[in-house]
Amino acid sequence: MRLNPALAVLLMVACAALLALGPLVLPPFYIRVGQLMLYSAGLAVAWTILGGFAGYASFGHAAFIGVGAFAAGLVEARLSGVSPPLLLLIGLAVGGACCAVLSAAISYPILRLRGTFFAIAMLGVSHVCAELNNNVDFFEGSLGLNFPAVAPKDLEPATFFYWLYLLAGLVVLLIAWQIRRSRFGAGLLSIREDEDTARMLGVPTERYKRMAFVISAVLTGQLGVIYAHSLGYITTDSVYRDDTNLSLIVYSLLGGMGTLFGPVIGAFMLVFITQVVLGRLLDFHLFATGLLLVILVLAAPGGVLGLVRSFQLRRRPAAAPAE
Amino acid sequence: MNLIAQTLADGLVLGGIYALAAVGFSLIFGVLHVINLSHGILVLLGAYLALIFSKALGIDPLLTLPLVMAVLFAVGYVYQRFLIQHAVDRSQLGSMLLTFGVALMLQNVMIWVFSPDMRNITPSWAFTSFHIGAVNFDAVRVSALLASLVLLCCLALLLKFSPLGRVIRATAQQTMAARLCGVNVRHVYALTFAVSAAFAGAAGIVIGIILPFSPADEATWTLNAFVVVVLGGVGSPAGALLGGLLLGIVSTLTAQYIGPSFPNVTMFLLLVLLLLVRPTGLLGNAFSASR
Amino acid sequence: MSAAPILRVDRLSKNFRGLAAIADVSFAIEPGSITSIIGPNGAGKSTLFNLVTGYLPPSAGEIQFQGRPITGMATNRIAEFGIARAFQIARPFRDLSVFDNVRIGALFGKAGPRDVAATTARGMELAAIAHLADQPASTLTVGQLRHLEVARAIATRADLLLADEPCAGLNPTETAAMIEVLRQIRSSGVTVLLVEHDMPSVMEVSDRLLVLDAGRLIADGSPHAVATNPQVIAAYLGTPEAV
């Protein structure tokens, strides 16, 4: 890590404190934008544990948002007389558990695919989950699911969810950071770079891939649970969205694929661009995201942090000649 | 017995169309090693162009085929030569993302220009049907199928016997050697993409006359193409035909016997199964050396 | 000749549809030595390496590493026992720094992560690339990449290093540097088994030579003995001036 860990923690705490002040000073529109930014950042980091660290870019992570949200909603709807905070915790637990089971189960076949095949297979998973959700009555996807209000009584729901997203985002970031610094994280990076050589060097590639997949799925699902509660009512199309699938990739690509903070930067930037800059021009969103993707691929495949890094490298004195 | 025969017949008809819709995608994958996620959009572009041309010129949609194919040929050439080629030089994921981005942009443009509503280009003779034995065929679907088969044959003949076809196959099999023989590989790649786009457009017309379409369908047609390629094999019209027919039959059988809302599920399960068991498809890669 | 051999190969054969790539080869490698396998092109040197590391299963014969039979075992299992291979076509982790590359070896090498920092440092020093520690692997020259291959292999705490033509394509200065690295590795207690074509270097650094010709072992002994062996001269070395 280029930053001294203690310094990094201090910076993160400072940023978190600053962000926490948001709802106290911002108008309601910007509080909602802030919610979206924090939610997207959390999703982006969760995605990057599998996509950026291990190199398995999933084109279908929205599946886990949907599974987590609907699992939580279906269970919560059947509980009565339970206090709202507890309901949320149960929802998070159930959503996470369902995503864990689903991801663990499909990891066996799907992690045998590499690169583009894996990406498309995950897109397929997302579409299939969406289809089942919409067509099987039990999931109430087409009808829609109501979520109980869980915000404390004397707190504005918008503020509550803003802080909840901030907390959740920090937890996800912390987990990803710990992974990155650990032996597990080093193994994931080596898998991304050259899976066969990594295996030759003794990295337990199958086990590590599966762990990254499940962790990523669970965190994504739990963020989805929070999202569903913040909406109050969801249908299939609220959560199983192709633009989410795409955005998750763009966040990491924009900020810097493979880095820890890149996805956060990318998420903040993209949400800002689409919600604030292009806010009124709703029709423009797809076009703008697509255009951004095209520009990134052609001009800046390393994203924002990649540009920063190449700028740093250019300023570094020439390496010592080979012995 | 009648029901299953009818279902199979419907599946074959649908399958032929799937095959035409996928063959361009297959060719690009085999020759350029690019997964073109904007394939579905090119198909839809064909459908919308047919809509415009047939209204403007007052002719049957199927007759706009040559014009639409020509337009898409040009579009495809420029798209590949000046945009995708740069991403291809970087990485496979890069070209996938680029084409994904373009697909979204074009989808948005189509929504602006044509509105998100469903359209179709039903010809005037749409409602006639006939039967062979106990199986019912409807004229539009049959003509769509015939058009598909004829076009697939033309492509197969083009690839096998024409100079262009030979150059494409050579470049696909041994790119470096082709370069050393003086082949302008970028030009060949662009021509391949152009051919692929033309056929995608043709498929769009064929699809448009039997099904309602809207900009939101583009992902479905791209995914369909991908499944057909995985099923039947990369790079050949025969592989596309086999994969398409298989997909068509599985779709109709699922719709009939499991439920009309589940064709995607079965298709996807079939896809994953095949990716695990035989990822090169039933006919394998048409451009790789024999084992 | 008192220590037990670290690698023992007994009557090893490998056939590819009737062609005997390796025929009835037997030898034993002493721990702490540098042994070179030489021979004309097509003699079967790479096949022999592939058999020892488990890439290919033998058609007949046995391989023992540190007394333990490893015939036919999977590559990564063999790697766990302490055999590491440095490839001619280096496969570095391009986006990671040299330090991080070598560290992977130390983290996941034989007997799990112990003294990771020390092992990583040692690997880099033995391979003489400690000064490149922070550079991304993608910026290294071919010669430096070969050193990285070796460093990473050493960091796995391997007891036997199989080096596949480490000097191929290197200029004389780079070759000398690589040979020096192999010497350092031997001094640190790791046994080296080498396939190489650069005859002067091979003669200079090897404790023992094995000569393969058309899949058979035609000579096994000290460099001088092998160089004056008429059979070897006939098959490969040409004139005595090459010594």
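Any idea which of A:ALA71, A:ALA6, A:ALA17 is within 26 Å of A:THR159 (Cα to Cα), small (Gly, Ala, Ser) and without any contact (Cβ under 8 Å) to a residue 12 or more places away in the chain?
Details: A:ALA71 fails: without any contact (Cβ under 8 Å) to a residue 12 or more places away in the chain; A:ALA6 fails: within 26 Å of A:THR159 (Cα to Cα).
Testing whether each residue is within 26 Å of A:THR159 (Cα to Cα), small (Gly, Ala, Ser) and without any contact (Cβ under 8 Å) to a residue 12 or more places away in the chain leaves just A:ALA17.
Given the conditions (1) farther than 12 Å from C:PHE99 by Cβ; (2) surrounded by fewer than 19 Cβ atoms within 10 Å (Cβ to Cβ); (3) not hydrophobic (A, V, I, L, M, F, W, C), report the number of the one that C:GLU149 does not fulfil.
(2)
Considering only region B:28-59, state which residues are among the hydrophobic types (A, V, I, L, M, F, W, C), part of a helix (DSSP H, G or I), over 17 Å from B:ALA74 (Cα atoms) and away from every other protein chain (no Cβ under 14 Å). Don't jump to the end; show me each part of the working.
The initial filter retains those residues of region B:28-59 that are among the hydrophobic types (A, V, I, L, M, F, W, C), namely B:28-29, B:31-32, B:34-35, B:37, B:41-45, B:47, B:49-53, B:56-57, B:59.
Next, only the ones that are part of a helix (DSSP H, G or I) stay: B:28-29, B:31-32, B:41-45, B:47, B:49-53, B:56-57.
With the extra rule that they be over 17 Å from B:ALA74 (Cα atoms), the set shrinks to B:29, B:31-32, B:51-52, B:56-57.
Within region B:28-59, B:VAL31, B:LEU51, B:ILE52, B:ALA56, B:LEU57 meet the criteria.
Would you confirm whether any residue within region A:130-145 is closer than 30 Å to B:SER95 by Cα and within 14 Å of another protein chain (Cβ to nearest Cβ)? Break it down stepwise before answering.
Quick first cut of region A:130-145, residues closer than 30 Å to B:SER95 by Cα only: A:130-131.
Still in the running and within 14 Å of another protein chain (Cβ to nearest Cβ): A:130-131.
The answer is yes, given that some residue of region A:130-145 is closer than 30 Å to B:SER95 by Cα and within 14 Å of another protein chain (Cβ to nearest Cβ).
For region A:294-316, check the following and say yes or no: at least one residue is farther than 27 Å from A:LEU188 by Cα, modelled with pLDDT of 80 or more and at the interface with chain B (Cβ under 8 Å from one of its Cβ atoms).
yes
Kindly indicate whether C:GLY143 is outside any loop (DSSP other than H, G, I, E, B), within 7 Å of chain A (Cβ to nearest Cβ) and under 16 Å from C:VAL190 (Cβ atoms). Before the answer, list the steps.
Values: outside any loop (DSSP other than H, G, I, E, B): yes; within 7 Å of chain A (Cβ to nearest Cβ): yes; under 16 Å from C:VAL190 (Cβ atoms): no.
No; evaluated as a whole, the condition is false for this residue.
Does region A:87-100 contain any residue that is buried (at least 23 other Cβ atoms within 10 Å of the Cβ), more than 18 Å from the chain's Cα centre (by Cα) and farther than 26 Å from B:LEU270 by Cα?
Yes, region A:87-100 contains at least one residue that is buried (at least 23 other Cβ atoms within 10 Å of the Cβ), more than 18 Å from the chain's Cα centre (by Cα) and farther than 26 Å from B:LEU270 by Cα.
In region B:197-214, what residues are of a type outside the set (A, V, I, L, M, F, W, C) and surrounded by fewer than 24 Cβ atoms within 10 Å (Cβ to Cβ)? It would help to see each step written out before you state the result.
Our first condition is that a residue be of a type outside the set (A, V, I, L, M, F, W, C); within region B:197-214, this holds for B:201, B:204, B:208, B:212, B:214.
Those that are of a type outside the set (A, V, I, L, M, F, W, C) and surrounded by fewer than 24 Cβ atoms within 10 Å (Cβ to Cβ): B:PRO212, B:SER214.
Can you find, within region C:95-125, the residue that is farthest from C:VAL190 (Cα to Cα) among those that are of a type in the set (Gly, Ala, Ser), surrounded by fewer than 17 Cβ atoms within 10 Å (Cβ to Cβ) and more than 11 Å from every other protein chain (Cβ to nearest Cβ)?
The selected residue is C:ALA117.
What about C:ARG152, is it in a loop (DSSP other than H, G, I, E, B), within 12 Å of another protein chain (Cβ to nearest Cβ) and either more than 17 Å from the chain's Cα centre (by Cα) or modelled with pLDDT of 90 or more (or both)? Give the derivation first.
On the way: in a loop (DSSP other than H, G, I, E, B): no; within 12 Å of another protein chain (Cβ to nearest Cβ): yes; either more than 17 Å from the chain's Cα centre (by Cα) or modelled with pLDDT of 90 or more (or both): yes.
Against the criterion (in a loop (DSSP other than H, G, I, E, B), within 12 Å of another protein chain (Cβ to nearest Cβ) and either more than 17 Å from the chain's Cα centre (by Cα) or modelled with pLDDT of 90 or more (or both)), C:ARG152 does not qualify.
Look at B:VAL227 and say whether it is buried (at least 23 other Cβ atoms within 10 Å of the Cβ) and outside any helix (DSSP H, G or I). Explain how you work it out, then say what you get.
On the way: buried (at least 23 other Cβ atoms within 10 Å of the Cβ): yes; outside any helix (DSSP H, G or I): no.
Against the criterion (buried (at least 23 other Cβ atoms within 10 Å of the Cβ) and outside any helix (DSSP H, G or I)), B:VAL227 does not qualify.
If you take the residues of region B:86-125 that are under 23 Å from the mean Cα position of the chain (by Cα) and in a loop (DSSP other than H, G, I, E, B), which of them is nearest to the other protein chains (Cβ to nearest Cβ)? Before you say what the answer is, go through the steps one by one.
At the first step, the residues of region B:86-125 found to be under 23 Å from the mean Cα position of the chain (by Cα) are B:87-88, B:92-111, B:114, B:116-123.
In the following step, the residues that additionally are in a loop (DSSP other than H, G, I, E, B) were identified as B:116-118, B:120-123.
Details: B:PRO116: 10, B:ASP117: 15, B:MET118: 17, B:ASN120: 23, B:ILE121: 25, B:THR122: 27, B:PRO123: 31 Å.
So the residue we want is B:PRO116.
The values are calculated or read from the model by the stated rules, or taken from the named source; none is laboratory data. Owing to the predicted nature of the structure, the values given are computational and were not obtained by experimental measurement. Cβ atoms come from the backbone with ideal geometry, glycine included; neighbour counts cover every protein chain shown.
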